[in-house]
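See below for the structure under consideration.
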Amino acid sequence: MCKLKSVREQCKGRISLGNRAFHANQDLFKSKLLTKKSKLRMYQTLVRPVVTYACETWVLKENTKTKLRVFERKVLRRIYGPIKESDGTWRIKSNEGLNRLIGNKNIINYIKAQRLAWFGHVHHMPDNSMVKKSI
């Protein structure tokens, strides 16, 4: 018998798989030969889809959103690295700075866009389809 997982458990498992996908490609993410823009595209095509698989069906509560944002910021901080201040000290990028760098195309907005696309797909299905009947 298949036991359904809660959204919290699904999210936790997906973040774990996202970490694995990131670490599996860590040599590329650490490479000095790739630009930060290329690394961001790699994150968006290799890691984010692993984390957001089947996200269209998730009920996003604030704690789930927070966990997803924290995961994404950790990855982005690894990609973009620290900032050297004028006095010679180093600091990590702020959350606002990371949002500016990715142009507010964060993981939560991505999930919302995926949901909207899925809704459009279901809306265009015939009325007698199993998926449309279940909604």
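Just so you know, all these numbers are worked out from the coordinates, no wet-lab data involved. Predicted, not measured: the structure shown is a model, and the values here were computed from it. Every residue, glycine among them, receives a Cβ derived from its backbone with ideal geometry; neighbour counts consider all protein chains shown.
Over 21 Å between Cα atoms, which of Lys12/Lys39; Lys36/Lys105; Lys5/Lys65; Lys12/Lys93; Lys37/Lys84; Lys12/Lys112 qualify? The answer is Lys12/Lys39; Lys12/Lys93. Only Cα pairs under 8 Å and 6+ residues apart enter the sum, and on that basis the relative contact order of segment 7-134 stands at 25 percent. In this simple spin-label approximation, Ala117 and Thr35 carry label points 7 Å from Cα along the Cα→Cβ vector, and these lie 2.4 nm apart.
I'd like to know which of Thr45, Leu33, His23 lies farthest towards the positive end of the charge dipole of segment 1-54, counting +1 on Cβ of Lys and Arg and -1 on Cβ of Asp and Glu. Farthest towards the positive end: Leu33. Relative to the current alpha-carbon distance between Ser6 and Arg69, full extension at 0.36 nm per residue lengthens the span by 20.8 nm.
Placing a pseudo-label 7 Å from each Cα along the Cα-to-Cβ vector at Ser86 and Ala54 gives an inter-label distance of 5.3 nm. The alpha-carbon of Lys67 sits under 14 angstrom from the alpha-carbons of these aspartates and glutamates, leaving out residues fewer than 8 places away in its chain: Glu9.
Overall shape: prolate for segment 1-70, with the ratio a/c of the largest to smallest alpha carbon gyration tensor axis at 1.5 or above and a/b above b/c. Coupling constants for segment 102-119 follow from the phi torsions by the Karplus curve (6.51 cos²θ - 1.76 cosθ + 1.60, θ = phi - 60°), and in residue order they are 8, x, 6, 9, 7, 5, 5, 5, 5, 5, 4, 5, 5, 4, 5, 5, 5, 4 Hz; glycine and proline get x.
With a ≥ b ≥ c the root eigenvalues of the C-alpha gyration tensor of segment 7-134, is it rounded (a/c under 1.5), prolate (a/b larger than b/c) or oblate?
prolate
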